[in-house]
Structure formats: structure tokens, C-alpha cells
Amino acid sequence: MKSKHSVIQTSLLKISILLFCIFSLLYFFIMYIYWSKAAVEKKFELFSKAVTVETIISTNLNALFEIMQNGNLTDEQKTEKIDSLLIPMFEKIPIDNSLACIGYYDDSLDYCFQFCQTANKVKNEYLPDHKDILKTLKETKEPQFFSNIGIYGLDGRGIIAVAVPVFAGDRIIGHTWAISSASVVYLTEYINYSMMFVPIIVLILFVLMIVNKSINRIKNSLNNFTQSILNDNLVDQQGIADLPELQPVFDRIRVHLENLHVLNQKLEAANEKLSTIMEGISDGFFSLDPNWRFSFVNSRFKEIFSKEEADLTGEVIWEALPEINSTRTAAKLRESVNLKKPMTWEEVEIAESQIYKVYSYPYANGVTVFIRDITLSRQQENEMKKLERLNLIGQMAAGISHEVRNPITTVRGFLQVLQSRTDSVQNKEFMDLMISEIDRANAIITDFLSLAKANVDCTKLLNLNDIITRIYPMVQADAFNCNKEVLLELGEIPDLELNESEIRQLLLNLVRNGLEATPERGKVEIKTYLQGDSVVLAVKDEGKGIPPEVRDKIGTPFLTTKETGTGLGLAISIGIANRHNARFDFATSESGTTFFVSFPLKKSSNDCITINN
């Protein structure tokens, strides 16, 4: 883990801690010696006091026995007489502030007397157990020192005491004692000792100040040296005047910075060139770093997502473009990065009615992505497939139509001959059915020829409204027979180069398909209007719409949703539109379908124009 402090700060801290530790060890070691010496001196003082008390008791021992053995006195009176005898003598013993109590305990008289200074009186819980002490004295027959503190007992709760045996002949009958509060002794010595260390503390602080000043000087010199490098000041060497040891380092850094400057110029030129190239391509392009942040975005990509004015660099893609999270691209992009494998996929959810092809190329520091709009090329592919199917059917029709029509015509002729014979009356119904089916097959072959023929008829400058008006009675009669209606809404349009027979067939196919899809009492509308540079023919029905699974296959020969249909009507209509360079399209929903044929406007001409398939 990287340190938060510099080497200089760390060094100063270590020096300060080291000096403090050395001082503390020395301080407590000498303090221990001082306290041990003070404890010995205090014990000697207490021993002197206890011996003085023992002398007083020994001198007045007979008087004490006489008082205690006087049968005329009560215990309370005996105690009062003994106290009156000993107190005047005890008061003559000098007791300083460090001495708490002196006293006498007589086991034979069962008497205990102590004399204490009020200010230094020790709590009863710290007073010695006289019976235990007397037992020890009888065993050792020597004075005993005792205490209940350690060397660090400065809380005012400890004691230092001495007990001296009192003899009656060869028998120990009691003992005297002197007791003192240890805190008074130790605290006094601690204060005296601390006063000696004040100069030492000042000296240590002075040394630390000198060290700190020297380190700060080194720090300032290093800061000047660093600043000269950051400011690209490779000539002025004033920053290393105080630290000549840095001269070799400065020289190496100067050479390195000069090389970096050259490389940086080359890199900027390369980046500018690459940016120009990426902005110039027609595909959307962006790159992401390992944290899914944009590192580069070209204008085309922003245009696709309507972010022309936004600065996406540095933004997380999932936050900057939330609409991409639910698309196939989000899952595929993560998969490509996780597998470290280039991938390609199509995307239709980014923009409505648009198809994009996405190319993902992961690398060590992220991923680059190209987005190409293939909507137009996909439409062209579909159109080419339709044309190829039409051409294929046309070639098949051209090859087999004549071969099939001849035998069919012969069979139909023989059936008509047989039908005229008297012995065939009972089979007339079957013969009529066979002739009807032969006529239906012949009609299909005729439709095949319509797909296949290379029309060489001359087009004329005609008005589409006139053609519609001429065939309107025919389609209106068809509508009346099935209880439906055909409505006209003809706008003002210019004349076009048209083949009237083919346009009539186109209209009949679209209107009859509309009538078949429209329910009874429904309507089929025929409209013409001018839209831009095109004249539009629109035929709208009121059916249930084209099923979704069929919409992409509209125009395919033999594709039909009718039980008796051939599936050639729309294929023929699309072929007619193509021969007129018109665009064939449709819009469908549950309320009906509208077919649009858009004829481009051309300059009027009286010349005969040949239309080839």
C-alpha cells in the first residue's frame, strides 16, 4: 500500500520516536533508583521512630502492668489511665508530614494504642494486622519492615511501615510501629526528580528543532528540484545548488524529458491523424476503456444516438446511453469483452426502422466498436431477391409456356368434339369441368408469360386518372356483384410515360385483391396524388391486413393466402411497376392494407420508349 507521508516526514517521525523512547527508558531507570533510595531512607527513619516508641514503652512497662492488673478499675478506666500516661510522651516524638502514625500493641494486656497526625492519618483498611505481625516477630525476634505497594504505587493508597518487638524479659509481649503513606515519599521524590529533567527535555526539544530545520531545508531543496522539472526548466540548475548529489539524477531526467517531448509531439500528430480518419468514416465508431468509459466517440456515432451536442468522453456507456441497456448490443458487447474475442451482430433496437451491423474488437485496454447502417443495403438485397425470383419464374415460364399450351389446346379441342357427340351427353358435366380446368391452366400460363415477357410495346404520354376512369365501370360492376363499393379520389396529376394495357392489368390486380380482402358492405378506395417528384397511385381496402409472417415475402410467385389463388397477381403487379421504374410499397394493419405505386416524373417526350424487364 502506498504511504501517505514522504520519506522526510517519516524520517523525522522515526527520529522523534527514537529520542522519546531513549529518554523514557533513561527517565524511568533513574526514577527507580531514586525511589529505591527514598524507600530505604524512609524505612530507616521509621525504624528510629519505632525504636523511640519501644524505649518509651519499655521504660513505662511496669506502670502499664500495674494499671492493667488493678482490679478496682474498669476496662474503660484502665484505657484512659494508659492513654494519659503514654500520650504526653508520644507527643514529644517529632512527626513530620511524611510520617502518618506511631503506636504500640500489647498482646498480654490486649491493648493497642496509636498516635497519628490528623493530616496524614492512614485509613483503617491500610493498618497492619497486629496479631500477624506479632507472630512474625516472635518467630524472627527481629524488627520487621513491611509495605503493600509496588515501586509505582503513586495513587496515595500504599504504606511503608516498620515493627519493633517489645520484650518483657526474654518474652515478646508486643511491638511498636511507625507507619507512613508511601505516596508522600514517592510523590516528593518524583517532583524533585522531575525538576532535574526539565533541562533535559528542553535540550531534547532543541535537538528536534535543529533536526526538523535541517530536514525542512532538504525538503525545500527537493521541492525546488521537482518544480524545475515540472516547469520543464532544464537550463536553470538553481534548484539543485544545495544538493549537488542530485546532479546525475537531474542530467538523466533532462535527457528523458527531452525524449518524452519528442515522443509526445509524434503521439499528438498520430492522434490528430487518427481522429481525422475516425471522424471521416461513414460508420459510427467509439472506444471504451476497461471501466466501460468512452475514450473516443466520432460524430457519426453521436448522430445515431442523437447526442450531437453531448461530450461523451469519460462517461460510462450504460449511464450516458441508458437506451442501449435493453438491446442485443449490450449483451453481445459484454460477451465480446469477457471472451476477448471479436464479434459481429445485427442490431434493430437502437433506432426504429433502421438496421445496424455492429463490429466489436476487444484489446488489452478496452474495446473498439464500429456501427454500420445496413438498412438500405438490406432493402436492396430483398429487392434483388424478389427480382431474381421473378426472373427465375419468367425464365421458367418462357421455356415451358409454348410446350404446355400446345397439348392443352389439343386436349381442349378433342373435349369439345367429344362434347358435341350424342353418346357423350351423359358425360357432359365432366367434360365441362375438364374444359374449365384446362381454361384455368391456360390462364395461369398466360400469367406466367406476363412475368416473363420482355415488353416492347411503346409507352405513351398518358394521364393515370384517365386510365382509372375508363376501367372504373368494370371494377364497380365487380364490386356491386359482391355487395361492396369502389370509391375514387383522383387528384390533379401530370401526364406520365405509361403502357396503358399494363397499367390496366396493374389496377385490376390491386382492386380485385382489395375486393377479395374487404368484407361485405365494405369499400375499396382508389387515390392518386402528387408527392414530391412522384405521382402516387394508392389502392386501400378494409380487410384484416397482411399477416406478419407473409409481409416480407410479398411479391413471391405462388405465395397466396387465398384458397383458390395462384399467388401471381402481386408478382405481376410488381413486375409492371419495375418496368415503369416505379416503386412498389404497402402499409398494412388490422383495419386494412394500402398498396402504393410511385411513378417518377419524367420530361415529356413523343418518342417511343421501350421498357425491358
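The values are calculated or read from the model by the stated rules, or taken from the named source; none is laboratory data. Source: prediction; values computed, not measured. Using ideal geometry, Cβ is built from the backbone for each residue, glycine included, and neighbour counts are taken over all protein chains shown.
Data overview
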item	result
The lone exception for Lys302 - which of (1) assigned to a helix (DSSP H, G or I); (2) surrounded by fewer than 13 Cβ atoms within 10 Å (Cβ to Cβ) it fails	(2)
Among (1) modelled with pLDDT under 80; (2) assigned to a helix (DSSP H, G or I); (3) of a type in the set (A, V, I, L, M, F, W, C); (4) more than 60 Å from the chain's Cα centre (by Cα), the one test that Ala63 misses	(1)
Test: residue in the range 361-370 that is more than 20 Å from Ile281 (Cα to Cα) and at pLDDT below 85	no
Residue tally, condition of a type in the set (S, T, N, Q) and out of contact with any helix residue (DSSP H, G or I) (no Cβ under 9 Å at 6 or more places or on another chain), over the range 288-305	2
The range 358-371 residues that are at positive phi, paired with ones that are part of a strand (DSSP E or B) (beta carbon under 8 Å, 6 or more apart)	Gly366/Ser287; Gly366/Leu288; Gly366/Ser295
Test: Ser3 is surrounded by fewer than 12 Cβ atoms within 10 Å (Cβ to Cβ), farther than 30 Å from Trp177 by Cα, under 60 Å from the mean Cα position of the chain (by Cα) and modelled with pLDDT under 75	yes
Test for Ser58: is it loosely packed, with under 12 Cβ neighbours inside 10 Å, assigned by TED's automatic domain parsing to the domain that holds Pro165 and in a helix (DSSP H, G or I)	no
All positions within the range 69-96 that are part of a loop (DSSP other than H, G, I, E, B) and touching a residue at least 12 places away in the same chain (Cβ under 8 Å)	Ile93, Ile95
Matching residues in the range 343-357 - criterion: being without any contact (Cβ under 8 Å) to a residue 24 or more places away in the chain and either over 21 Å from Asn291 (Cβ atoms) or of a type in the set (Ser, Thr, Tyr) (or both)	Thr344, Trp345, Val348, Glu349, Glu352, Ser353, Gln354, Ile355, Lys357
Residue among Thr344, Thr313 that is more than 17 Å from the chain's Cα centre (by Cα) and among the β-branched types (Val, Ile, Thr)	Thr344
Some residue of the range 570-591 being at pLDDT below 80 and exposed (fewer than 13 other Cβ atoms within 10 Å of the Cβ)	no
Selected residue (criterion: farthest from the chain's Cα centre (by Cα)) from residues of the range 423-473 that are β-branched (Val, Ile, Thr) and modelled with pLDDT of 70 or more	Ile435
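Residues checked against (1) closer than 27 Å to Ser16 by Cα; (2) at pLDDT 75 or above:
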{"site": "Met196", "(1), (2)": "yes, no"}
{"site": "Ile210", "(1), (2)": "yes, yes"}
{"site": "Gln227", "(1), (2)": "no, no"}
{"site": "Asn233", "(1), (2)": "no, no"}
{"site": "Gln237", "(1), (2)": "no, no"}
{"site": "Asp242", "(1), (2)": "yes, no"}
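Residues are listed down the side, and each one gets a yes or a no for (1) modelled with pLDDT under 90; (2) among the charged types (D, E, K, R); (3) closer than 25 Å to Ala582 by Cα:
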site	(1), (2), (3)
Phe480	yes, no, no
Leu488	no, no, yes
Glu492	no, yes, yes
Asp495	no, yes, yes
Gln505	yes, no, yes
Ala517	yes, no, yes
Thr528	no, no, yes
Lys544	yes, yes, no
